[in-house]
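What follows is one structure encoded as structure tokens, with my remarks underneath.
The values are calculated or read from the model by the stated rules, or taken from the named source; none is laboratory data. Bear in mind that the values here come from a model prediction, so they are computed numbers and not experimental data. Note that each Cβ is placed from the backbone with ideal geometry, even for glycine, and that neighbours are counted across all protein chains shown.
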Amino acid sequence: MKAVVYKEPFSVDVEEVADPRIQDPTDVLVKVTTSAICGSDLHMYEGRTGAEPGIVFGHENMGVVEETGSGVASVKKGDRVVMPFNVACGFCKNCLAGRTGFCLTVNPGFAGGAYGYVSMGPYTGGQAQYLRVPFADFNCLQLPKGTEHEDDFALLADIFPTGYHATELAQVSPGETVCVFGAGPVGLMAAYSAVLRGASRVFVVDKQPDRLRLAGRIGAIPVDYSKGDAAEQIKEQTNGEGTDKGIDAVGYQATVAEGEEQPAIVLNTLVEAVRPTGMLGVVGLYVPADPGGPSESAKKGELLFRIGKFFEKGLRMGTGQANVKSYNRQLRDMIIAGRATPSFVVSHRVPLEEAPEAYQHFDKRDEGWTKVLLKPEMGNGHKKQKVSA
Ligand SMILES: [Zn+2]
Ligand SMILES: [Zn+2]
């Protein structure tokens, strides 16, 4: 089958790789209809992780079941399904507690597994024609048959639940004010989720005009940090107080307005922008080792975090990757009911063959490239679809 393969920093190719097959009776094979490119793929793409050449990318996958193992009970050939990016067993103590992002079974020696991601286990990514899904009864979320809401449902694999998880970590309640750092797809989903949860005002911080425009479209207040300190701008609009809650949807590759990388800048600005006793939800990625980090301590995953100010203000912080399975069914039902349309972030739908150039555009944050969906069935010769914003 064809798949998107990592070659070296800033290079992926579409190559023939071995077809996946049923390995365990609890597996299914899915024919991929949509697999999204994610901001977290870019950390690997840029060589900022330990990812080795040859890895097939793709953890945001949906499609139609092609074949089922003999031990699969609830999923049948022809079912339309979307898979959480977390690979999880469903029976370990973390899964039983709903913490499926930290499954103890699927990636021995580590808490948590994922498709197509460095150090997340032996699960080939879904930016390909087919995908093997382990523990399929647990990992497949059933969708209505057909093609309706395809782009919305595809976002249930990661970014919609991850954005929602950020608001859960920050315990966003009705009427509260929230600031979200990063207007990439996850930041926009976090802002959207805060709106869905009844926040009174949601500030979204970025410097990319196209992304700030999208934030404005969902009723958030754009804050351009290239026009002045973000925390100051937020305080000015909240009676000098700061917001009730704050969300980091940027992570360790954070930059100051002039472009220099400062891995702790978003965390430290949040400490400033959120009011005393507030709560931070951190879903932007931080890594235990960053070979390309801008300092010796950053290379070891050690950041200069303003713990003193954090303590003085009595702030709290929740961190970690989303337990997608805790939210995906409910968010699916909001999509079906017309209460949520997360696909407003989708900017491009392209066939697999165009993945290399799509990665380049998305990596450079080229104007208008907010979220790319790969459509393996579009095949050669089809024109890519630019979604009008
Ligand atoms: Zn993702
Ligand atoms: Zn588990």
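Tabulated values for the structure
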| item | result |
| --- | --- |
| Test: residue in segment 7-27 that is closer than 25 Å to F160 by Cα and assigned to a strand (DSSP E or B) | no |
| Spans of helices (runs of 4 or more DSSP H) in segment 236-325 with at least 2 residues modelled with pLDDT of 95 or more and surrounded by 14 or more Cβ atoms within 10 Å (Cβ to Cβ) | 265-273 |
| Among the candidates V56, V65, residue that is crowded, with 21+ Cβ neighbours inside 10 Å, modelled with pLDDT of 95 or more and over 27 Å from G301 (Cβ atoms) | V65 |
| Among residues of segment 2-16, those that are touching a Pro at 6+ places or on another chain (Cβ under 8 Å), surrounded by fewer than 23 Cβ atoms within 10 Å (Cβ to Cβ) and in contact (Cβ under 8 Å) with a residue 60 or more places away in the chain, counted | 4 |
| Selected residue (criterion: surrounded by the most Cβ atoms within 10 Å (Cβ to Cβ)) from residues of segment 80-113 that are within 16 Å of ligand 1 (Cβ to nearest atom) and part of a helix (DSSP H, G or I) | T100 |
| Set P288, P276, P294: member being of a type outside the set (A, V, I, L, M) and touching a strand residue (DSSP E or B) at 6+ places or on another chain (Cβ under 7 Å) | P294 |
| V75 being touching an Asp or Glu at 6+ places or on another chain (Cβ under 8 Å), more than 10 Å from ligand 2 (Cβ to nearest atom) and either in contact (Cβ under 8 Å) with a residue 24 or more places away in the chain or part of a strand (DSSP E or B) (or both) | yes |
| Qualifying residues in segment 59-77 (those that are within 10 Å of K31 (Cβ to Cβ) and out of contact with any Ser or Thr (no Cβ under 7 Å at 6 or more places or on another chain)) - the one farthest from ligand 1 (Cβ to nearest atom) | E67 |
| Matching residues, segment 112-141, being over 15 Å from T34 (Cα atoms) and polar (S, T, N, Q) | S119, T124, N139 |
| Qualifying residue in segment 132-147 (condition: over 14 Å from the mean Cα position of the chain (by Cα), surrounded by 24 or more Cβ atoms within 10 Å (Cβ to Cβ) and more than 16 Å from ligand 2 (Cβ to nearest atom)) | no |
| Answer residue from segment 78-99, given it is among the β-branched types (V, I, T) and either in contact with a Phe, Trp or Tyr (Cβ under 8 Å, 6 or more places away or on another chain) or not assigned by TED's automatic domain parsing to the domain that holds E46 (or both) and is nearest to ligand 2 (Cβ to nearest atom) among those | V87 |
| Given (1) within 16 Å of ligand 1 (Cβ to nearest atom); (2) closer than 19 Å to F153 by Cβ, index of the condition A51 fails | (2) |
| Positions within segment 55-84 being farther than 21 Å from V17 by Cα and among the hydrophobic types (A, V, I, L, M, F, W, C), in sequence order | V72, A73, V75, V81, V82, M83 |
| Considering residues of segment 159-171 that are more than 16 Å from ligand 1 (Cβ to nearest atom) and within 18 Å of the chain's Cα centre (by Cα) only, the residue surrounded by the fewest Cβ atoms within 10 Å (Cβ to Cβ) | E168 |
| Members of segment 326-335 found to be out of contact with any strand residue (DSSP E or B) (no Cβ under 9 Å at 6 or more places or on another chain) and either basic (K, R) or assigned to a helix (DSSP H, G or I) (or both), listed by number | S326, Q330, L331, D333, M334, I335 |
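To keep it simple, each residue is scored yes or no on (1) within 16 Å of M1 (Cα to Cα); (2) hydrophobic (A, V, I, L, M, F, W, C); (3) surrounded by 23 or more Cβ atoms within 10 Å (Cβ to Cβ).
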{"site": "A18", "(1), (2), (3)": "yes, yes, no"}
{"site": "D27", "(1), (2), (3)": "no, no, no"}
{"site": "V30", "(1), (2), (3)": "yes, yes, yes"}
{"site": "M44", "(1), (2), (3)": "no, yes, no"}
{"site": "T49", "(1), (2), (3)": "no, no, no"}
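For (1) more than 28 Å from G216 (Cβ to Cβ); (2) away from ligand 2 (no atom under 16 Å from the Cβ); (3) more than 17 Å from the chain's Cα centre (by Cα), each residue gets a yes or a no:
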| site | (1), (2), (3) |
| --- | --- |
| Y130 | yes, yes, yes |
| A157 | no, yes, no |
| S173 | no, yes, yes |
| F181 | no, yes, no |
| V195 | no, yes, yes |
